2 protein chains.
Amino acid sequence: MLNMRSVDPADPDRTARATIRDAALALFAERGPDAATVRDIAAAAEVSPALVLHHYGSKDGLRAAVDEYAAGAFDAMLAQLEGGDLADVLSGGEPASLAEAFATEFRAGSPLVLYLRRLLLSGDPAGTVLVRRWHALTLGVVERLEEAGVARPSRDREARAALLLAGDLAVVLLAPHLGAVLGENPLTPGGMARWTAEATDVYLHGAFVAPPEGADPTTDPTTDPSTDRTGGDPT
Amino acid sequence: MLNMRSVDPADPDRTARATIRDAALALFAERGPDAATVRDIAAAAEVSPALVLHHYGSKDGLRAAVDEYAAGAFDAMLAQLEGGDLADVLSGGEPASLAEAFATEFRAGSPLVLYLRRLLLSGDPAGTVLVRRWHALTLGVVERLEEAGVARPSRDREARAALLLAGDLAVVLLAPHLGAVLGENPLTPGGMARWTAEATDVYLHGAFVAPPEGADPTTDPTTDPSTDRTGGDPT
DNA sequence: ACATAGACTGAACAAGCGTTTAGCATGCTG
DNA sequence: CAGCATGCTAAACGCTTGTTCAGTCTATGT
């Protein structure tokens with residue numbers, strides 16, 4: 001049998017180790033790490049199953065390597081978002097939301113998007129670490145925007161940052177379903193433009209109008225002590 | 001070996017078939033259908049593995065039965081939401097958002113919540129069906145609220161309904177992570193109150209203030225034809 | 001009392017899994 | 001040239017999986 005190393009003339013110095021990692025990333029993202037077998041990964045990378053174990057020790061070792069690689073990619077995206085100047089964010093010169101950053105960094109079917117999806121919903125502690133970091137980033141942005149007078153001050157800034165973050169992550173997590181409903185995937189350029197337009201409108205002017213001062217004439221809130229909501233979230 | 005049927009005096013007429021289904025629902029939701037083995041399910045239901053197959057034909061048959069059961073539970077919740085009168089929604093007499101409905105219907109660690117999570121992120125077409133139905137429901141509510149003058153009219157009502165729906169689903173999907181960040185799971189009563197307060201504030205008054213009429217003095221939007229955003233979504 | 005049906009089980013099966021082992025080819029180093 | 005590490009493979013190992021099978025127990029209808 002021939003030596004398979006450097007078999008692809010387009011990528012001459014790509015090692016078999018990297019090829020295996022990429023194949024694993026794609027298959028892990030698509031079917032989940034448990035459903036993707038070592039034999040499948042080996043076949044996708046055009047190597048023998050034994051070579052996968054030779055390079056990564058075990059399937060868990062490969063999993064860890066892929067996790068680390070994906071985390072690095074997310075960190076890179078994070079750094080780009082973090083490094084952006086506030087003025088650029090406000091004027092629209094840089095991706096302003098996490099969802100937008102995803103849409104520009106990774107195309108709609110990117111393995112990394114699928115990987116993030118799995119990471120956030122598998123209960124993997126790495127997912128919580130990621131959310132915590134992104135929340136801290138969002139919180140910092142909200143604080144700066146409040147100081148700049150661009151954001152309405154919130155009594156519960158942490159909850160507001162979480163709300164905004166959750167909204168962005170929802171786009172990434174639910175992109176295929178939202179695409180099926182709206183006709184175009186919000187992670188594509190066109191779909192993202194439509195989504196951002198609506199999100200901007202709501203975040204600037206709200207979605208509902210404040211009720212007139214005083215209680216709703218049809219019901220007296222004080223007669224129902226079990227609920228003390230201020231107006232609800234009528235979705 | 002004793003006949004294990006009706007072994008639980010608290011639930012005397014619960015059939016082994018139902019016990020198996022419930023055990024499967026819990027394990028499917030917790031670990032995923034692939035990771036939960038027939039032997040595990042049988043052990044949880046305190047029956048032999050063969051009985052699982054005897055009642056459901058195959059593991060796929062069991063999966064289908066559990067899917068159907070979960071879909072029925074979701075439909076029941078949907079019907080309750082749909083049947084609520086508009087006045088009740090506005091006055092806070094009924095759960096007003098999907099997230100609130102989830103928090104009241106299912107407690108934070110409920111198998112059905114975990115099941116929904118898996119359903120929406122596994123690429124299962126049943127997930128898209130569910131999203132489509134909930135979007136239609138949300139769209140109807142938005143339309144009625146606009147007619148009642150409670151919701152600000154939107155140029156793109158479908159996108160607005162999707163935005164509101166995504167926000168609610170995000171709470172359900174990301175609940176554990178948000179709980180880790182905020183200190184309390186938003187699907188618990190306390191966490192939900194905090195979340196709804198912030199969401200109500202944003203949905204009523206917005207999160208950001210509209211920029212003054214005219215362009216940002218630091219940059220002229222017309223000089224950059226590649227981006228035509230109205231103001232961005234600075235999260 | 002007897003027969004039939006259904007709930008239920010222990011043991012075994014084939015298939016697929018991650019992993020190990022022994023060995024081949026290649027290229028560098030002395 | 002010999003020695004050795006490295007990239008790589010075919011074949012097999014033990015284990016777990018979903019599934020099947022033959023048979024036991026316990027009701028119920030006649």
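Tabulated data for the structure shown
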read-out: At 7 Å out from Cα toward Cβ: B:ARG39 inter-copy label distances (nm, ascending); value: 2.0
read-out: Potential extension, A:ALA126-A:LEU51 segment - 0.36 nm per residue separation minus Cα distance; value: 24.3 nm
read-out: Probe 1.4 Å - accessible area at A:HIS54, Å² to nearest ten; value: 140
read-out: Under Karplus coefficients 6.51, -1.76 and 1.60, residue-wise ³J(HN,Hα) of the range A:184-201 in Hz, glycine/proline x; value: 8, 5, x, 8, 8, x, x, x, 5, 4, 5, 5, 5, 4, 5, 4, 4, 4
read-out: Dipole of the range A:69-206, positive end: most advanced residue of A:GLY109, A:GLY190, A:VAL141 [Cβ charges, Cα centre]; value: A:GLY109
read-out: Sequence-distant residues sharing a close amide H with B:ARG107 (under 5 Å, placed H); value: none
read-out: Per-residue ³J(HN,Hα) for the range A:37-50, Karplus 6.51 cos²θ - 1.76 cosθ + 1.60, θ = phi - 60°, Hz, x for Gly and Pro; value: 8, 4, 5, 4, 4, 4, 5, 5, 8, 6, 10, 7, x, 5
read-out: Amide H contacts under 5 Å for A:ARG14, placed H, 5+ residues apart; value: none
read-out: The range A:69-206, relative contact order [Cα under 8 Å, separation at least 6], %; value: 23
read-out: Table column - 3J(HN,Hα) (Hz), the range B:60-77, Karplus curve with 6.51, -1.76, 1.60, x for Gly and Pro; value: 5, x, 4, 4, 4, 5, 5, 4, 5, 4, 5, 4, x, 5, 5, 4, 4, 5
read-out: Relative contact order (%) - criterion: Cα under 8 Å, at least six apart; region: the range A:12-57; value: 35
read-out: Average beta-carbon neighbours from other chains, 10 Å sphere, peptide A:127-136; value: 3
read-out: Position A:ALA71, label points 7 Å along Cα→Cβ, spacing to each other copy in nm (shortest first, one decimal); value: 4.0
read-out: A:ALA207 long-range amide H proximity, modeled H, under 5 Å; value: B:LEU204, B:GLY206
read-out: Calculated label separations, B:GLY140, copies of the chain, 7 Å along the beta-carbon direction, nm; value: 4.6
read-out: Cβ-defined net charge surrounding B:GLU143, 15 Å radius [Lys, Arg +1; Asp, Glu -1]; value: 0
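The values are calculated or read from the model by the stated rules, or taken from the named source; none is laboratory data. Because the structure is a prediction, the values reported are computed rather than measured. Cβ atoms come from the backbone with ideal geometry, glycine included; neighbour counts cover every protein chain shown. Ligands, DNA and RNA are stripped out before the accessible areas are found, and what is left, the full protein with its side chains, is counted by its heavy atoms. Shrake-Rupley method; radii C 1.70, N 1.55, O 1.52, S 1.80 Å.
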